[in-house]
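Take a look at the structure set out below.
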Amino acid sequence: MSSSAPGGLEGPFKFPNSPEPQSSSSSFVVPYIEEERPESPAKHGLDEKDFEKLVLGSDFVDESNVDEDCNVAQELKKYKYNIFVLSSAGKPVYSRYGNEDKLSTLFGVMQVLVSFIQDSNDVLKSIRCNGCTFTFLSKGPLILVSVAKTQQSDTQLLSQLTYVYNQVISVVTLSRLTKIFEQKCNYDLRRLLSGSERLIDQLLVFMETDYAFLLGAVRVLPLAPTARDDISNIIVSACSKIKNLVFALLIANNQLITLVRMKKYELQPSDLHLLFNLVNSSESFKTAESWTPICLPLFNPSGFLHCHVSYLSEDCQACLMLLTVDHDLFYTLSTAKQKIVETLRRKGSLKDINDALALKPISASELGIYGLRHFMCKSRKHPQFWSSRVDTPYDTPEEVEHLMSLYQNLHQHVHHPTRPLKLCYQQMDSEIMLGHITAEYEFYFTFEPLVTKSDAISAAGRLPSVWLKDDEEKKKFIFTDPTF
Amino acid sequence: MRTVEGKIVVLGGQGVGKTSMVVRYIGKMFSHHISPTIGASFFTCKINIEDSKVKLQVWDTAGQERFRSMAPMYYRNANAALLVFDITEHASFESVKSWVKELKRNVDEPLVLCVVGNKTDLEPQRQVTREEAMQYTESINGTYFETSALNDDGIEDVFLNVAVGLIKMSKNPNLKHSLRVYNSDNAPNPYLDDAGLTRYGLSSIELNEPLGSEAKSPMCC
């Protein structure tokens, strides 16, 4: 088969008993193939084996490419979580694993599935089979597909696809993306994304390992409120006269130190995550000042902000980002940055930051609460969170992943769309999970499996007073909201 | 001491080693894991030659196609351009030619042009011969260099040549250039003061009509 995926339509692929589109739009709501009901796939004209074959491409390719394509597709089976991005014409854009070119048949199938459902004025959301969830998101000229063998909820899987979509927008902007595909619907978007794949790669790892995405919040570097105010004030006074500066933020080691914003504008957590991801995945920022265009999809999907990115100094690895709409502002911001660093150094703030960075978060066991292994806490008013150090027994990558899936499961129950819970207690195989929503905070706990229910719940009630006593609360969360 | 301050822009296709070259020269190091530049990076360096001091503001641009439309922002007001290609990839040499065309079209001021064939450590895979590159460079009145950022070979010469070129330019009374020339004893760190900003800032779009429009036109597919 040729490498242009849509060509596959003329191939041997057919839905054996495809329902007549016009008559069946109501019965064909979502091909929701559940494991427990093996008869349901057949009802939609696609039996499970066929489906698997299709998705693996084995029944679907030209003889000449069978071996190679098959091998590549088989390779993919071993991964727990895969993501594909393609254009609505079926052109490959991104695949987390494997070479997109080798997967063109697979991309063809995905495109066919989406457009087939679209033809009956419907939307394909997800397919479940063999413990595997295929989630689809069709946005503008792009189709995003994830294949997950995890226990995540539909909402979580969809939110991850949305993040990947936002990452693409952040690189090209929505207006450019739309325009390009209007002019040329079979455009190869990889040309524009080249060099940025690693941003998506890194984002996926970030999502799998950091609770920030699950909670929709950012981690804050714990600092005494006065120290943090000093830093914010220094940034404000150095930048307040600069026109068109929209945001200034200081981050270190994936934690927010401060965010100063223009009065009218706010920065959403998911945009912040993209900025964190940009800094995380770009070693080259460490070597020099950079002048980087970035689009923040929630702030404004159709334009770039220009971002002056620099690390404070050799001896303080905090990264300062100054975001503006004015592309002529580099030298002004460069001067401002020097002023900021000088003042920070003079007032001892660089030392404050370094000290805070050197301090590891406390481990749950240090709190003296019986059986508590790990916990995290999210402020409900401010999108910020704090989590305890991940300790034994969660010290291997598999265990860390296991803990993440426990929290994902707990979070989905607490935030159930139709039946949200204030208190959720889960007895799992090897731990007890507890979610507790108070007026100000959301708490998520992991206990030893043998702790009794009443002990766990009373500990959860006691913890805020132990852990947030004195000024701790103000250290761990940023309650001020400095503006220019 | 007589000080000459100039802006130098590094252009070329993606992955040819622009950042590696600059980091090798300014940071005196080489990393195998350099991530692609996003937008552009800014460096400064000083070179002393005989009785003059040359301060270079180096704009290391990103090679990816998606940043092409932003290039005018960086080459506007530039006094020198380093055009880098990868000797093992002929396409990157072609891309240098298209950069030169773009510069000729859009930059009115005199430019010190340096064509640099990087990655001489991969000699066996060479696709662009030295003769071909030399011939082309002569045709555009530039200077040709071959370098290896990996082995730190020839890079010093490139920057030295640029510095010498800028000094010559500054001493030529017939050339109308935007170099900043002063006696360094009484002008500390001028590129950052207010005068420097108006002079070196990128605020002269209206003076340079084709550049402003250029910023929007290319890039569509």
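Values quoted throughout were computed directly from the atomic coordinates according to the rules given, and no laboratory measurement underlies them. What you are looking at is a predicted structure, and each value in this text was computed from that prediction instead of being measured. Positions of Cβ are generated from backbone atoms using ideal geometry, with glycine treated the same way; all protein chains shown enter the neighbour counts.
Near B:VAL22, once Lys and Arg are set to +1 and Asp and Glu to -1 for all other residues with Cβ below 12 Å from its Cβ, the sum equals +2. Sequence-ordered 3J(HN,Hα) estimates for region B:144-157 from the Karplus curve with 6.51, -1.76 and 1.60 and θ = phi - 60° stand at 9, 10, 10, 9, 9, 5, 4, 8, 6, 10, x, 6, 3, 4 Hz, glycine and proline given as x. Karplus-derived 3J(HN,Hα) values for region A:319-329, using 6.51 cos²θ - 1.76 cosθ + 1.60 with θ = phi - 60°, are 10, 9, 10, 10, 10, 9, 9, 9, 7, 9, 8 Hz; glycine and proline are entered as x.
Close amide H pairs (under 5 Å, H built 1.01 Å from N) link A:MET428 with A:MET433, residues at least 5 positions away or on another chain. Per-residue mean of foreign Cβ neighbours for A:320-331 is 3 (Cβ atoms of other chains, 10 Å radius). The calculated FRET efficiency for A:SER240 paired with A:GLU266, based on their beta-carbon distance and R0 = 22 Å, is about 0.75. For B:ASP152, no residue whose modelled amide H falls within less than 5 Å of its own remains once neighbours fewer than 5 places apart on the same chain are excluded. Across peptide B:36-48, the mean count of Cβ atoms from other chains lying within 10 Å of each residue's own Cβ comes to 6. What shape does region A:421-484 have by the C-alpha gyration tensor, where a ≥ b ≥ c are the square roots of the eigenvalues, rounded means a/c under 1.5, and otherwise prolate means a/b greater than b/c and oblate the rest? Because a/c hits 1.5 or more and a/b exceeds b/c, region A:421-484 counts as prolate. Mean separation of Cα pairs under 8 Å and 6 or more residues apart, divided by the residue count, gives region A:373-484 a relative contact order of 26 percent. Amide H contacts of B:SER52 (H built 1.01 Å from N, in plane; Pro and chain starts excluded): no residue 5 or more places away or on another chain comes under 5 Å. Which pairs, out of A:LYS91/B:LYS119; A:LYS125/A:LYS179; A:LYS91/B:LYS101; A:LYS339/B:LYS171; A:LYS339/B:LYS18; B:LYS28/B:LYS119, put more than 23 Å between their alpha-carbon atoms? Result: A:LYS91/B:LYS119; A:LYS125/A:LYS179; A:LYS91/B:LYS101; A:LYS339/B:LYS171; A:LYS339/B:LYS18 exceed 23 Å.
Simple spin-label estimate for A:ASP188 and B:MET1 gives 5.1 nm between the two label positions (7 Å along the Cα-to-Cβ direction from each Cα).
Rounded if a/c is under 1.5, else prolate if a/b is larger than b/c, else oblate: which is chain A, with a ≥ b ≥ c the root eigenvalues of its Cα gyration tensor? Taking the square roots of the gyration eigenvalues as a ≥ b ≥ c, chain A is oblate.
Legend: distances between Cα atoms for A:LYS264/A:LYS422; A:LYS80/A:LYS286; A:LYS264/A:LYS475; A:LYS264/A:LYS381; pairs beyond 29 Å are A:LYS264/A:LYS422; A:LYS80/A:LYS286.
Need one word for region B:1-118: rounded, prolate or oblate. Basis is the Cα gyration tensor (sqrt eigenvalues a ≥ b ≥ c); a/c below 1.5 gives rounded, then a/b vs b/c decides. It is oblate, given that a/c is not under 1.5 and a/b is not larger than b/c. Within region B:65-96, whose backbone N sits under 20 Å from a point 7 Å along Cα→Cβ of B:GLN135? Zone members listed by number: B:85-96. The helix-based estimate of mean residue ellipticity at 222 nm for chain A, built from -39,500 (n - 2.57) per DSSP H run of four or more residues and divided by its residue count, is -12000 deg cm²/dmol to the nearest 500.
Using a cutoff of 8 angstrom between alpha carbon atoms and counting only pairs six or more residues apart, the relative contact order for region B:44-160 works out to 22 percent. Derived scalar couplings between HN and Hα for region B:112-121 equal 7, 9, 10, 9, 10, x, 9, 6, 5, 5 Hz in order, rounded to whole Hz, by the Karplus curve 6.51 cos²θ - 1.76 cosθ + 1.60 (θ = phi - 60°), x for Gly and Pro. Model label points for A:SER365 and B:LYS97, set 7 angstrom from Cα along the Cα-to-Cβ axis, are 6.8 nm apart.
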